[in-house]
Amino acid sequence: MTDQPSSASSPSEETIHLDQFLKLQGLVSTGGHAKIVIQGGEVKVNGLVETRRRRQLRIGDVVEAMGETIPVESDEDDPPA
């Protein structure tokens, strides 16, 4: 068996869409507001302006929006709902 890097992300890798992340962090109140903010160029991911609402964020990404800088972190420590 060979250890070759896979071009696809691992199935267990946690991701969240940018618009959902903004809502969960309380930076916007609705999906429509998230759309306006993102498509208006007011959001950066890892220092670059991001205009795609469905941008997949991964652990370690850093989102800047509404005057705040928030790292994407795992919620593994949170108890299941």
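The values are calculated or read from the model by the stated rules, or taken from the named source; none is laboratory data. No experiment lies behind these values; they were computed from the predicted model shown. Backbone-built Cβ (ideal geometry, glycine too); neighbour counts: all protein chains shown.
Assorted remarks:
- Residue ID - farthest from residue 43 (Cα to Cα), chosen from residues in the range 62-79 that are touching an Asp or Glu at 6+ places or on another chain (Cβ under 9 Å) and modelled with pLDDT under 95: 76
- If you filter the range 38-60 down to residues that are surrounded by 17 or more Cβ atoms within 10 Å (Cβ to Cβ) and touching a strand residue (DSSP E or B) at 6+ places or on another chain (Cβ under 6 Å), you find that the one that is nearest to residue 18 (Cα to Cα) is 57.
- Scan of the range 22-50 for residues that are farther than 15 Å from residue 64 by Cβ and assigned to a helix (DSSP H, G or I), ordered by number: 23, 24, 31, 32, 33, 35, 36, 39
- For the range 1-21, taking the residues that are under 19 Å from residue 72 (Cα atoms) and in a loop (DSSP other than H, G, I, E, B), the one that is modelled with the highest pLDDT is identified as 14.
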